[in-house]
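The values are calculated or read from the model by the stated rules, or taken from the named source; none is laboratory data. Predicted model only: the values in this text are computed from it and were never measured. Here the Cβ positions follow ideal geometry from the backbone for every residue, glycine too, while neighbour counts run over all protein chains shown.
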Amino acid sequence: MSDTTPSPRSAGSMQREFIYVAQQSRVIFSPGSVQRLAQEVQALGARRALVLCTPHQTEMAEAASASLGGASAGVFSGAEMHVPIESARRARAHAASVGADCAVAIGGGSTVGLGKAIALESGLPIIAVPTTYAGSEMTPVFGITEAGVKKTGRDPRVLPRTVLYDPELSLHLPVPMSIVSGMNAIAHAAEGLYAQDGNPVMSLMAEEGIRAMSRGLRRIHDVPEDIEARSDCLYGAWLCGTVLGHVGMALHHKLCHTLGGSFGLPHAETHTVVLPHALAYNAPAAPQAMARIAAAIGASSAAGGMFDLARELGAPTALRDIGMPKEGLSRALELALSHPYWNPRPLQTDALAGLLDDAWNGVRPEK
Ligand code: NAD
């Protein structure tokens, strides 16, 4: 349990003291931008780009590989959720055997994660072509799962050098996946607004990211193939992912990491369910952040408004509906308290037990 007292600066005040270190990556945002892939590989000075994907996205990856002509080192379609160490080893060996000098990750956070696992060891530059809203392409954070435990770390080598955002590639991302992926992105920005190491630039990006994402998701919910709405969501994903890459996260991300890692809950759905409750918990300690979140989603309160947004979009709102066993709640609480970390409101056992209970039952937060 942490006894850290809330920092008056970071808990939503004007943030006039800060350190800002920009992470460098080249971002190209445009419908059809994937057609620039060959140009971007060449701009990195690479000659043999290995295209990575999940088995599900092989067709998209094959098309990207074909567009590279002689600069393609083929397709490796072994990306898996949470980057198991075995798949990272296979991908690293394959990249070496085909003499790859660049990795093109086309897909969601799992595929970008596999590219990061290769880059971590070999230093290969990554070009990311994101097709979900998870945001991993904008962060130097990697995660690899070994013996059932996901270990994460930061390393500047894994930050993709070039990111091609092409809203046309997410046109067919199924609506339920689009919604939870977008809520996952919103969670990065929401916690970025009360981060201990937050800064005004990231706060601007966070607020705009939440605004663009919630607007886009509402439209996708009604018209899934609306390219402008897809563009709004991908723009939001870029902003929210950038926030995740620049500032530290708190209670919400720690809880989701615990629930995902120890109970096998689905990543984006867990973020969607927990977010309103984490915001309700932190609301008393970060009133200005909450006001900005509420304004960005067009609600009168951040926590209640986020719950209503998830419900309006047909997303899950209870942990019990996404596979969390009720008897696991006390273990989740224990794990959440076992490694102290910074949070705007100190971690209090009873209040956290209440949070988990409400999230399990799907109770709308009142704040
Ligand atoms: P995902 O990458 O696992 O993708 C889920 C499924 O959707 C896959 O089968 C994929 O092939 C498919 N898919 C992706 N785009 C599609 C499209 N446009 N159309 C149809 N199907 C498509 O899911 P995700 O939510 O993007 O990523 C989750 C993973 O990313 C988690 O492991 C999480 O920890 C990680 N992540 C890491 C960071 C970081 O900074 N390191 C940030 C966010 C998420």
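Odds and ends about this structure:
- Region 298-312 - residue that is in contact with a Pro (Cβ under 9 Å, 6 or more places away or on another chain) and of a type in the set (A, V, I, L, M) and, of those, surrounded by the most Cβ atoms within 10 Å (Cβ to Cβ): ALA302
- Of all residues in region 136-154, those that are part of a helix (DSSP H, G or I) have Cβ atoms under 6 Å from Cβ atoms of residues that are among the hydrophobic types (A, V, I, L, M, F, W, C), 6 or more apart or on another chain, in SER136/VAL112; GLU137/VAL112; GLU137/ALA128; GLU137/VAL163.
- Hits in region 55-94 - residues which are in a helix (DSSP H, G or I) and in contact (Cβ under 8 Å) with a residue 60 or more places away in the chain: GLN57, MET60, ALA64, ILE85
- Exclusive hit being surrounded by fewer than 19 Cβ atoms within 10 Å (Cβ to Cβ) and either under 30 Å from ASP222 (Cα atoms) or modelled with pLDDT of 95 or more (or both), set SER330, SER338: SER330
- Within region 89-105, the set of residues being small (Gly, Ala, Ser) and within 16 Å of the ligand (Cβ to nearest atom) comprises ALA91, ALA103, ALA105.
- Scanning region 113-129 for residues that are under 22 Å from CYS256 (Cα atoms) and in contact with a Gly (Cβ under 7 Å, 6 or more places away or on another chain) gives a single hit, GLY113.
- In region 155-175, the residues that are surrounded by fewer than 18 Cβ atoms within 10 Å (Cβ to Cβ) and within 8 Å of the ligand (Cβ to nearest atom): LEU171, HIS172, PRO174
- Residue that is more than 24 Å from the chain's Cα centre (by Cα) and of a type in the set (Val, Ile, Thr), where the choices are VAL41, VAL51, VAL21, VAL34: VAL41
Table: residues versus (1) assigned by TED's automatic domain parsing to the domain that holds GLU312; (2) within 10 Å of the ligand (Cβ to nearest atom).
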{"residue": "VAL149", "(1), (2)": "no, no"}
{"residue": "GLY153", "(1), (2)": "no, yes"}
{"residue": "MET177", "(1), (2)": "yes, yes"}
{"residue": "ALA190", "(1), (2)": "yes, no"}
{"residue": "LEU204", "(1), (2)": "yes, no"}
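- Scope region 19-28; condition within 19 Å of GLY107 (Cβ to Cβ) and more than 16 Å from the ligand (Cβ to nearest atom); matching residues: ILE28
- Selected residue (criterion: nearest to the ligand (Cβ to nearest atom)) from residues of region 126-141 that are touching a strand residue (DSSP E or B) at 6+ places or on another chain (Cβ under 6 Å) and over 15 Å from HIS267 (Cβ atoms): THR131
- Boolean, TYR133 is of a type in the set (Phe, Trp, Tyr) and farther than 20 Å from SER25 by Cα: no
- Selection from region 68-82 of residues that are away from the ligand (no atom under 16 Å from the Cβ) and in contact with a Ser or Thr (Cβ under 6 Å, 6 or more places away or on another chain): SER72
- Test: ALA295 is assigned to a helix (DSSP H, G or I), crowded, with 19+ Cβ neighbours inside 10 Å and either in contact with a helix residue (DSSP H, G or I) (Cβ under 6 Å, 6 or more places away or on another chain) or in the same structural domain as LEU204 (by TED's automatic domain parsing) (or both): no
- Residue match in region 344-354 (condition: among the polar types (S, T, N, Q) and outside any helix (DSSP H, G or I)): yes
- Once region 106-125 is narrowed to residues that are among the hydrophobic types (A, V, I, L, M, F, W, C) and either in a helix (DSSP H, G or I) or away from the ligand (no atom under 11 Å from the Cβ) (or both), the residue that is surrounded by the fewest Cβ atoms within 10 Å (Cβ to Cβ) is LEU120.
- Search result, residues across region 44-67 that are in contact with a helix residue (DSSP H, G or I) (Cβ under 6 Å, 6 or more places away or on another chain), closer than 21 Å to ALA88 by Cα and away from the ligand (no atom under 16 Å from the Cβ): ALA49, LEU50
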